[in-house]
Amino acid sequence: MAKIGKELLAQLTSEGVKGPFLTIMLNTHVAHQDIEKDQLKFKNFAKAAKERFCKKYPDQDWAPFQLKLDELLNARDFWRQATTSVAIILTKDESYVHRLSIRVDDQYYVGDTPYLLAIIKNAQFNYKYYVLALNRDSMKLYLMENKQLTEVVLSDGAPTDIKQALGEEVTGGNLNFRAQGSNGGRDSVAYHGVSAKDEEIEIDWVNYYQVVDSYLKNEFDNPEELPIYLYALPENQTMFKKVAKNPCYHPDVAVSGSPAQLSLNQIEAGTQKISDALAAKEVADYQKWIERKYFDQLSDIRQAAPLGRIGHLFIATSNLIDGYGENPEVEYDWRQVLNTLAHDTIRNNGDVYVLEQTDAPGEKELVAILRY
């Protein structure tokens, strides 16, 4: 689960955040005429939410909510964010805006708990990692976050190409580079000696990759210790794997191909292989959990959730009708039931997953893996 999503869920379900809650789920666009449509839908949701709020909570003041809604409506930057959708969660004291990478059913919710299911689904199989696009004589670094890839701006002196790393005289000569460890020591010493041309080229290749690895290990700021995966030709993967000492480098998954002439969008498309491999491993782990004690009946799950008995709750997307179907009020109430299960599970330090039924343990539509 994406870290930012998990942190938000923990915050929204903590005892320190008090309801009532207003949640608005909205697909967003960037074209001017589409933004106007989004704003109109937002206004209509706000108007309908006020009616529901005043009916459900006659002793509560709507004014703080209206003030926050007006601020969002008039914030130009808010409507120009190029994300797929957005979750807006308001209390009388707090505003939470969470950008999503998935399509949602446009809707508003008023209740004692925030609507969490879309945030949970967005965090599912949503990995944060670095992609090292590595050629024999150059490199770029990208960050995958919330299913969007961005190029990382590296510090001056970063070994973005072999000349930057090894100097003007790449082959021949004497000592060219010593990779410095974080404690001032030397991780490795690479020499350029007089040799046959092919040997010199391979020495440069090895030396350059040692510089890249040392930079990412000792100089690049990676406080979260995010994993680094390669996008490179197979021979470059093999060579880098031989010299790499950075514990954040994960050689088990990589994209095979030359990134040299690829655009950002092409690199992003290629990295889907990495996310797919990580998701497949995660799903394989889920399937083992069906061997534990579990509940798959709604009545049992409803009793277990508030007692903190659920370690992992799986809600298949087959439980949710796209667009709310022919009976939107019935679907609305059913989603609130599922949302309450999710809320109670997270509040008691359990994990909740919203995913395809084929990915759930035992391919069950609704299943709670118990702690005891």
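The values are calculated or read from the model by the stated rules, or taken from the named source; none is laboratory data. As the structure is a prediction and not an experimental result, all values here were calculated from the model. Virtual Cβ from ideal backbone geometry, glycine too; neighbours counted across all protein chains shown. Just so you know, the surface numbers come from the protein's heavy atoms only, side chains and all, with ligands and any DNA or RNA stripped out. Shrake-Rupley method; radii C 1.70, N 1.55, O 1.52, S 1.80 Å.
Numbers below:
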| read-out | value |
| --- | --- |
| Top positive-direction residue, dipole computed over the chain with Cβ charges, set Tyr229, Phe78, Asn339 | Asn339 |
| Cα convex hull of region 11-79, projected area averaged across orientations, nm² | 5.5 nm² |
| Ordering of 267-274, 330-337 by packing [mean C-beta count within 10 Å, highest first] | 267-274, 330-337 |
| Candidate residues Ser14, Ser85: accessible-area rank, largest first, probe 1.4 Å | Ser14, Ser85 |
| Asp276 accessible area, 1.4 Å probe, all protein chains in place, Å² to nearest 10 | 80 Å² |
| Student exercise, the chain dipole from Lys, Arg, Asp, Glu Cβ charges, in Debye to nearest 20 | 800 debye |
| Förster radius 35 Å - calculated FRET efficiency between Ser318 and Arg292, Cβ distance, rounded to 0.05 | 0.95 |
| Highest-fluctuation residue, Gln66, Gln33, Gln287 considered, GNM on the chain with Cα pairs under 10 Å | Gln33 |
| Between 0 and 90°, nearest 10: helix 272-288 axis offset from the chain longest Cα axis | 60 degrees |
| Solvent exposure of the chain as accessible area per residue, Å², 1.4 Å probe | 51 Å² |
| Considering only the chain, percent of DSSP beta bridges that pair antiparallel, nearest 5 | 75 percent |
| Helix axis angle, 197-214 relative to the chain longest principal axis, alpha carbon, degrees | 40 degrees |
| Nearest-ten-degree value, helix 328-347 long axis tilted from longest Cα axis of the chain | 60 degrees |
| Cross-link pairs Lys6/Lys147; Lys128/Lys217; Lys50/Lys121; Lys273/Lys364; Lys18/Lys56 - those with Cα-Cα distance over 22 Å | Lys50/Lys121; Lys273/Lys364 |
| ³J(HN,Hα) computed for each position of region 125-140 - Karplus, 6.51 cos²θ - 1.76 cosθ + 1.60, integer Hz, glycine/proline x | 6, 10, 9, 10, 7, 9, 10, 8, 7, 10, 9, 5, 10, 7, 8, 9 |
| Label-point separation in nm, Glu326 to Leu149, each point 7 Å along Cα→Cβ | 4.4 nm |
| Dimensionless Rg/Rh of region 309-372 - Kirkwood Rh, Rg from C-alpha atoms | 1.00 |
| Theoretical ellipticity at 222 nm over the chain - DSSP helices of four or more residues, -39500 (n - 2.57) apiece, nearest 500 | -11500 deg cm²/dmol |
| Computed label-point distance, nm, for sites Ala277 and Lys163 using a 7 Å Cα→Cβ extension | 3.3 nm |
| Share of carbon and sulfur in the accessible heavy-atom surface of the chain [1.4 Å probe, %] | 47 percent |
| Cα-based convex hull volume of the chain per residue, rounded to whole Å³ | 180 Å³ |
| Cα→Cβ-extended label distance, 7 Å offset, between Ser299 and Ser95, nm | 4.6 nm |
